[in-house]
Amino acid sequence: MARLTMANVPSAAAEVIKRHQMEAPVKVGAIARDLGVAVLISDLPLAVSGMLSRNQDDRTRWTIRVNRHEHRHRQRFTIAHEIAHYVLHRSEIKDELVDDTFYRSGLPERIEYEANALAAEILMPWPLIRQLMDGGTATAAGLAEALEVSQAAMSIRLGLPT
Ligand SMILES: [Zn+2]
């Protein structure tokens, strides 16, 4: 499978994402806001991590909901995952997409793979990782703390065993 990169993201959205990747941690809420997508921390069922829905009153507008009961780092990954669905897949979503805690939504596996890959690129951009390492942050734990992601997500990004 071809590895998905920011090159697959429409250029206007890529510009917005890159603008917020200049310093750690990447501000996912600001990325969503600048893309015109609302983010709500919501009371979702325990089995659900996040949702991406068309607004009822204006179907060109979208809202991301993340589960208020999950860890903040998990919420940040979920917001990035839903941003990825918004920029890459919204034409394939009718009214709403509901991601369970394994980021399964009923859409094809390829779509979830792409959303996870782009979420990792949004939250853990290589230039920022290199900058942190140059500044002396040498461990997955340290990088995870600086980027406000889980250590597991950071280890996967670095190709380390989790
Ligand atoms: Zn998903």
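The values are calculated or read from the model by the stated rules, or taken from the named source; none is laboratory data. Everything numeric here is computed off the predicted structure, so don't read it as measured data. Because the Cβ atoms are built from the backbone with ideal geometry, glycine has one as well, and the counts that use them run over all protein chains shown. For accessibility, only protein heavy atoms count, side chains too; no ligands or nucleic acids. Shrake-Rupley method; radii C 1.70, N 1.55, O 1.52, S 1.80 Å.
Residues in segment 149-162 that are surrounded by 17 or more Cβ atoms within 10 Å (Cβ to Cβ) and not polar (S, T, N, Q): V149, A153, M154, I156, R157. For E145, the requirement of being acidic (D, E), open to solvent by 40 Å² or more (accessible area, probe 1.4 Å) and either more than 23 Å from R33 (Cα to Cα) or away from the ligand (no atom under 11 Å from the Cβ) (or both) is met. Selection of strands (runs of 3 or more DSSP E) fully inside segment 29-116 by the criterion of at least 2 residues being more than 11 Å from the ligand (Cβ to nearest atom) and open to solvent by less than 10 Å² (accessible area, probe 1.4 Å) returns 62-67.
Figure legend. Inter-residue proximity from segment 57-85: first residues free of Cβ contacts under 8 Å to residues at least 40 places away in the same chain and over 17 Å from K27 (Cα atoms), second residues part of a loop (DSSP other than H, G, I, E, B) and open to solvent by 70 Å² or more (accessible area, probe 1.4 Å), beta-carbon distance below 9 Å, spacing 6+ or different chains. Indicated pairs: N67/D43; N67/P45; N67/L46; R68/D43; H69/D43; H69/L46. The requirement of being of a type in the set (V, I, T), in contact with a helix residue (DSSP H, G or I) (Cβ under 7 Å, 6 or more places away or on another chain) and open to solvent by 20 Å² or more (accessible area, probe 1.4 Å) is not satisfied by V9.
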